[in-house]
Amino acid sequence: MTVPDDTASLEPSPPDAITRDREILKVGAPSSTWRLLVVDDADNDYLVVRELLAQGLPGATINRAIAVSDACLTAAAADCVLLDVGVPDADGTVGVKRLTEEAPDTAIVVLTAAANEDLGVASLSAGAQDYLVKSRLDEQLLARSVRYAIERHRAAQLSRELIRADRQRAENARLERALTPTPIIRSSDITVVVRYQAGRRGSRLGGDFYDAVEGDDGRCAVLVGDVAGHGPDAAALAARLRSAWRALTLARLDQVAIVGVLDRFLRTEVEELTFATLSVLVVGQDRSDGTLVLAGHPPPVRLGSPSRTVGAGAHGPLVGVMPQPHWSSVEVGLGPGAELLLYTDGLVEGRAEGDRRERLGVDMLVELLDDLRTRGLAASGLLDALLDEVQRRNGVPLSDDVVLCLVGIPDA
């Protein structure tokens, strides 16, 4: 769908429409604050136009220029320019084009002699909103033309802005879809269920990120991370970190070594000090156990009766902060029926129900998971219910990004 630059009608209004237009003028937008610029080098013609404007649009400010070159200096401050195309430097439609370039937010009404009516029509194609024949002017017709030209010009501008905004949103959506990872999981003996919620309204991506990759040897690596900050810059940095992690994981590097590389990568990618947190789970080929690396990240929760956090011994420093950081991994028992929830801190930093000063926290998250599981919820239903309940307790939508990643080993 396209919207033409000019939505003006090429046909002048029929005489029987003037009575109707007078009624419209009575309830239209107020003209007392409008600024009008008349471009006319003939004193008598200017005085006539000025008098008609004063009668038809009382209270409007009326200024004059005797040449297009002078008008270009002040047209941007006007709501409407009334241009006599007989002005020497107007030169056909050149005057309209110059004014449109210098003052794109200003409406233009062309005034033409009866013999130059074709020039008035050509002026519409050049960017004017209306044209009038001088010999047929009266105060109501002139006021109507100015009023409609201003509103028509504003409507056309709004339509173009909406189209540009729609195109920008579509481009952003395509970019966000391109940056959203598709987990590489081929085996049926492991499941990875993800929920992503950006804290920035209207966005699909934020500073939180995730990925999951199954290597040729059958081992599955799952990543959940969080870049400091919000907005497009954080989302872009998160996408770069995730891509680097996937490449290094596919190269079969040890995850502790990968975290070290990402630490150096982060220091070289941004000029200002920033940091990220990471949680990496590698599930072994036989699915009976795995290894966990935490870099400043909240501990995963192993679902059970009761559920509990795991990986306290793997907790290491943030990525991108310490001069000589050190991380280590810990073993995590898994096996058939095991489920491990990795998440970002946006989930637990919301407010707890009953006390608006208290955060939800990890301990309350564990209790909440146990409660939801007693209702028979699992996998996707469990994650959806968890997000809904955390937001309900917070009282308002969560302001931070949230990633939930539930890794499961199905029963045989």
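The values are calculated or read from the model by the stated rules, or taken from the named source; none is laboratory data. Since this is a predicted model, take the numbers as computed values, not measurements. Cβ coordinates were reconstructed from backbone atoms using ideal geometry, including for glycine residues, and neighbour counts include every protein chain displayed. The accessibility values were calculated without ligands, DNA or RNA, using every heavy atom of the protein model including side chains. Shrake-Rupley method; radii C 1.70, N 1.55, O 1.52, S 1.80 Å.
In the stretch 330-359, which residue that is loosely packed, with under 15 Cβ neighbours inside 10 Å and assigned to a loop (DSSP other than H, G, I, E, B) is modelled with the lowest pLDDT? So, considering only residues that are loosely packed, with under 15 Cβ neighbours inside 10 Å and assigned to a loop (DSSP other than H, G, I, E, B), the one modelled with the lowest pLDDT is Gly354. Does Thr19 fit the bill of being more than 20 Å from Gln140 (Cα to Cα), out of contact with any Leu (no Cβ under 8 Å at 6 or more places or on another chain) and either at pLDDT below 90 or in a helix (DSSP H, G or I) (or both)? It is false that Thr19 is more than 20 Å from Gln140 (Cα to Cα), out of contact with any Leu (no Cβ under 8 Å at 6 or more places or on another chain) and either at pLDDT below 90 or in a helix (DSSP H, G or I) (or both).
Screening the stretch 155-173 for residues that are within 13 Å of the chain's Cα centre (by Cα) and open to solvent by less than 50 Å² (accessible area, probe 1.4 Å) and picking the one that is nearest to Pro232 (Cα to Cα) gives Ala173. Residues satisfying the criterion are present in the stretch 101-120 (criterion: within 23 Å of Asp45 (Cα to Cα) and among the charged types (D, E, K, R)). Look through the stretch 127-164, keep the residues that are part of a helix (DSSP H, G or I) and among the polar types (S, T, N, Q), and return whichever of them is farthest from Gly56 (Cα to Cα). My answer is Ser159.
Does at least one position in the stretch 257-280 carry a residue that is more than 17 Å from Ala312 (Cα to Cα) and touching a Phe, Trp or Tyr at 6+ places or on another chain (Cβ under 6 Å)? The answer is yes; a qualifying residue exists. On inspection, Val68 fails the criterion of being under 19 Å from Glu139 (Cβ atoms) and touching a helix residue (DSSP H, G or I) at 6+ places or on another chain (Cβ under 6 Å). Apart from one condition, Ile150 fits all of (1) surrounded by fewer than 17 Cβ atoms within 10 Å (Cβ to Cβ); (2) within 30 Å of Arg98 (Cα to Cα); (3) modelled with pLDDT of 90 or more; the exception is (1).
The sole residue among Asp411, Asp388 that is open to solvent by 70 Å² or more (accessible area, probe 1.4 Å) and either in contact with a Gly (Cβ under 8 Å, 6 or more places away or on another chain) or of a type in the set (A, V, I, L, M) (or both) is Asp411.
Screening the stretch 36-49 for residues that are open to solvent by 70 Å² or more (accessible area, probe 1.4 Å) and either modelled with pLDDT of 95 or more or among the hydrophobic types (A, V, I, L, M, F, W, C) (or both) and picking the one that is farthest from Ala113 (Cα to Cα) gives Leu47.
Selection over the stretch 370-384 of residues that are buried (at least 17 other Cβ atoms within 10 Å of the Cβ) and touching a strand residue (DSSP E or B) at 6+ places or on another chain (Cβ under 6 Å) gives a count of 1.
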